[in-house]
Amino acid sequence: MKLKDAGSSFRRLMVESVARLTDFQITLMEQEIAEGWRGFYARAIWLKENLPPPLINEQGMGFLHELMRERIMCLGAHDSPDYDPMPQLQFIADVDARAGYRNYLHTGSLATDGDVSAISLFDHVAHQVVVDMVEREHRHMFFEVRRNRDDWILEASHGAKYTPPFICYERERQPAVRNPDVSLLEDGLYWRNYYSGGIGVAFEPEAFMKPDWFVRLMGVLGADFQYGEKLSTARRLVFVRQPETEELTWAVLIEKNGFPTFELPPKLVLIPAGLNRKFRQSDILYLDVSITHLVTMASAPRSIETQLRYFLPRFRRMIEFYAPFVEHTVAALKG
C-alpha cells in the first residue's frame, strides 16, 4: 500500500468509527469547558443552559455523524470524489422529514442569527426558545453569546505568560434606543447598544503578519512539535511531531490562506514521516475535524498564546485518540 492509499485507508477507517470520534469529542468539549476554556464554546454553553431536553436526539446525532463523515473525506475542501453528498443534501432539502430534529451543536440558523429560511433552520425548538427569550426576557442570544465569548477568552488569557498583556480599554456604553419601524427581534442596532460596554482589546495586526510570534510560542508551548524550516514557506508554517511510526506522523499547520495575516485555528494533520522539502497540500493524509466551529480571535500576541494554550493540549488528546487507528493503518501499509 502506498502512502497516498494509506491516507484514504485512514479516512475510511475514521468514517467507519465516526460515532466513537463524535462521542470522544463531545466528552472532550465538556472537559475543556470544565478546564476554563468556555470562550471557545460560548454558543454551545448558552444553548445547553437555555434549551429543554433532549439537547441532541437520534436524528440530530445522525446529521452530526454525516457532517463529520463529509469533513473527514473532503479534507477541509467543499467536495471530494470519495464522498457522496446526496444523503446530507436530501436531509437538508426535506424540511418535513427533519421536523423533530434536535441538536444544540448544530441548530442551523436561528432567529437571532439574522435571515432564517426553512432550509437553513434545523432545530425548531431552539429557534422558538431564542424568539421567546427576546419577547419575554429581553435577551438576545447572538449578542449575549458574543459578549460571553469575549469576556471568557479575556479571562482565559490571564494564564498566558510569554506575551505582553492585552492593551485593554473600557468600551463606551451606548444608549439603546428602539427603532419603531422594525420588530424588537430585528432591531440589531438596539441590541448592539443594549449589550455595549465592557472591556475591549486593541487590535495589533502586525503580530499576525510575520511568523515570529508563532515560531517563538510554539517553541515554548509546543516543543513536541518541532518547527520544520525546510518544510515551511512565507505563507505556511509547519511544526512536526516526533514520528509516531516510521511511515506517519502528525504536524501542526498555521497558514495565511490568501490573507496577509496568519490565521488561527491551527490545523492538526497526519502526514508522511521524514519529509525534507517544502510541504505540499497533497502531503495531508488526514485533517483533524471538529464537531463544532472552533472559535478564534486575532487581536494581539497574547491572543496567539491564549489560543495555542487551548489548541495544543486538545491536539495531543486527539493524537492519543487516533493512535490505535494509526497503528492499524501502518500495519495494513506494511501488509
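Over 10 Å intervals from 0, what percent of Cα-Cα pairs in the stretch 84-147 sits in each interval?
That works out to 21, 48, 23, 7, 1, in percent per bin.
Got a sec? How would TYR169, TYR195, TYR101 order by Cβ neighbour count within 10 Å, fewest to most?
Sorted ascending by nearby Cβ count, the order is TYR169, TYR195, TYR101.
In units of 2.2 N^0.38 Å, what is the alpha-carbon radius of gyration of the chain? Show your work: numbers first, answer last.
Values: Rg = 21.6 Å, N = 335, 2.2 N^0.38 = 20.0 Å.
For the chain, the normalised Cα radius of gyration is 1.08.
If you fit an axis through the alpha-carbon atoms of helix 58-74 and take the longest principal axis of the Cα set of the chain, what angle between them do you get, 0 to 90°, nearest 10?
Tilt of helix 58-74: around 40 degrees.
Can you work out the FRET efficiency for the pair LYS4 and GLU66, with r the C-beta to C-beta distance and R0 = 30 Å, to the nearest 0.05?
Here the calculated transfer efficiency is 0.75.
Once you place label points 7 Å from the Cα toward the Cβ at ALA176 and LEU89, how far apart are they in nm?
So the label points at ALA176 and LEU89 sit 4.4 nm apart.
If the chain between ILE199 and GLU327 were fully stretched, how many nm would it gain, using 0.36 nm times the residue separation less the Cα-Cα distance?
41.3 nm
Taking the Cβ of LEU105 as the center, what net charge do the other residues with Cβ under 11 Å away carry, scoring Lys and Arg +1 and Asp and Glu -1? Don't skip to the answer; put the middle values down first.
On the way: positive: ARG43, LYS48, ARG102; negative: ASP123.
Counting the neighbours of LEU105, the net charge comes to +2.
Multiplying the sequence separation of ARG192 and ASN257 by 0.36 nm and subtracting their Cα-Cα distance, what value in nm do you get?
On the way: separation 65, 0.36 × 65 = 23.40 nm, distance 3.08 nm.
Residue separation times 0.36 nm, minus the Cα-Cα distance, leaves 20.3 nm.
How fast does the stretch 208-334 diffuse by Stokes-Einstein, in µm²/s, taking the Kirkwood radius from C-alpha pairs at 4 °C and 1.567 mPa s?
After rounding, the answer is 86 µm²/s.
Round to the nearest 0.05 the FRET efficiency obtained for ARG235 and GLN128 when R0 = 51 Å and r is the Cβ-Cβ distance.
Taking R0 as 51 Å, the efficiency between ARG235 and GLN128 is 0.70.
Helix 3-16 versus the longest principal axis of the chain: what is the Cα-based angle in degrees, 0 to 90, to the nearest 10?
The angle comes out near 40 degrees.
Nearest 10 degrees is fine. How inclined is helix 212-221 to the longest principal axis of the chain, computing both from alpha carbons?
80 degrees
Just to verify a number: FRET efficiency for LYS278 and ALA99, C-beta to C-beta distance, R0 = 56 Å, to 0.05?
0.65
Let me have the relative contact order for the chain, percent, based on Cα pairs under 8 Å that are six or more residues apart.
Relative contact order comes out at 20 percent.
Counting only helical runs of four or more DSSP H residues, what would the 222 nm mean residue ellipticity of the chain come to if each run contributes -39,500 (n - 2.57) and the total is spread over all its residues? Working shown, then result.
Values: 10 runs with 141 residues, N = 335.
The helix-only estimate for the chain comes to -13500 deg cm²/dmol at 222 nm.
Here, each number is a calculation from the coordinates, and none is a lab measurement. It should be emphasised that the depicted structure is a prediction, and the values quoted were computed from it without experimental measurement. Here Cβ is always computed from backbone atoms with ideal geometry, including for glycine, and neighbour counts include all displayed protein chains.
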